[in-house]
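Inspection log for the structure reproduced underneath, given as structure tokens.
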Amino acid sequence: DIQIRRNVDPKDDYELDSEIGRGKFGTVYKCKEKSTGLPLAAKFIGCPKKEDRRNVEREIDIMKALQHPRLIQVYDAFENGKVMCVILELIEGGELFERVIDDDFILTEKSCTVFMRQICEGVEFIHKQKILHLDMKPENVLCLTKTGNRIKIIDFGLARRFDPDKKLQVLFGTPEFVAPEIVNFDAIGYGTDMWSVGVICYVLLSGLSPFMGHTDVETMANVTVAKYDFEEEAFAEITDTAKDFIEKLLVKDMTSRPSAVEALAHPWLNIDRVHSNMELSKSKLKRYVIKKRWIRAVNMIVALKRMGAKIDTELIHIEDDENKNNIA
Ligand code: ATP
């Protein structure tokens, strides 16, 4: 059983290596356990307030309850002053969408089902433990290796234990992926994660984001009415079975959405002959991923400037015109 080790420096036991990721809350480094040489990941989270520490404690507690091959595993944890450090299993393949847009990856409907099936398996296990993830989005689906097709769900920072008899409301998440009940501050449930699974599937197949507006407010307005369509060109090659899978998940009434178990029983994830083996165009998905990279980079600069860093924007080199356009 993993207990949080207090007032111990993680550097006593782990050798830190390069940075591998950064989120709103944490910075993740590659590291190695000194005693065994085992490669792992160390996520450092600044916790100036007691409430921040409690949030990380909840994240660790939830991860401990989620021992499953499709879910990130926690290895060790430290609280050292106002910084907490969580040692995690190292996932080396990078984000799912980054892998999919790689030139040597062939995207077909079949390959999408391989990923969506694993995502649903992970969510099924989370829900079986009476936990909601509440931050299901492409960034939180990582590939185990650079060449294989196995994935893992990460980031339980927003996850909550769920008692179906008690009303749970939350006000967070990523507008593009959150369900209408989150935007409306209504009761949430297992269906809330399933909505996000539907949005991930829509983006994976088409490179378009079904509810994305020009601003977060516009996106949330689109989500609350739960109205979207299958843009003709992007969905021209997509089978009706795939569209049916998405349609069943993206319904406004949370209780009408399939559970993870039901989604796993859907023909799209089961019957081989319903998949088209046609290679899907990745140009829209590439544009989507590049735009996300840029938004992240800009947010990082804004955050650094807010902390007082002097950044010479002239020095930030814009690689090509496509990127430049996407930031607008
Ligand atoms: P968010 O802003 O999404 O809430 P966060 O601050 O809680 O993020 P994470 O999402 O856990 O942080 O991690 C940030 C990034 O670091 C991830 O998007 C991922 O690319 C990378 N990362 C996280 N955990 C691991 C891991 N165990 N192995 C490899 N990379 C990881």
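Observations on the model:
- Meets criteria (under 23 Å from residue 18 (Cα atoms) and at pLDDT 95 or above) for residue 61: no
- On inspection, residue 7 fails the criterion of being more than 30 Å from residue 117 (Cα to Cα), surrounded by 13 or more Cβ atoms within 10 Å (Cβ to Cβ) and either at pLDDT below 95 or hydroxyl-bearing (Ser, Thr, Tyr) (or both).
- Residue check, residue 24 within 14 Å of the ligand (Cβ to nearest atom) and buried (at least 17 other Cβ atoms within 10 Å of the Cβ): no
- Strands (runs of 3 or more DSSP E) lying entirely in segment 32-148 (those with 3 or more residues that are within 12 Å of the ligand (Cβ to nearest atom) and among the hydrophobic types (A, V, I, L, M, F, W, C)): 39-46, 83-89, 141-143
- Out of 165, 155, one residue alone is among the acidic types (Asp, Glu) and within 16 Å of the ligand (Cβ to nearest atom). It is 155.
- Residue match in segment 42-55 (condition: in contact with an Asp or Glu (Cβ under 9 Å, 6 or more places away or on another chain) and under 14 Å from residue 156 (Cβ atoms)): yes
- Neighbours by Cβ (under 6 Å, 6+ apart or cross-chain): first from segment 134-151, surrounded by fewer than 18 Cβ atoms within 10 Å (Cβ to Cβ); second part of a helix (DSSP H, G or I) and of a type in the set (A, V, I, L, M): 149/114
- Test: residue 11 is within 9 Å of the ligand (Cβ to nearest atom), farther than 21 Å from residue 137 by Cα and over 19 Å from the mean Cα position of the chain (by Cα): no
The values are calculated or read from the model by the stated rules, or taken from the named source; none is laboratory data. Here the structure is a predicted model, which is why all the values come from computation and not from measurement. Every residue, glycine among them, receives a Cβ derived from its backbone with ideal geometry; neighbour counts consider all protein chains shown.
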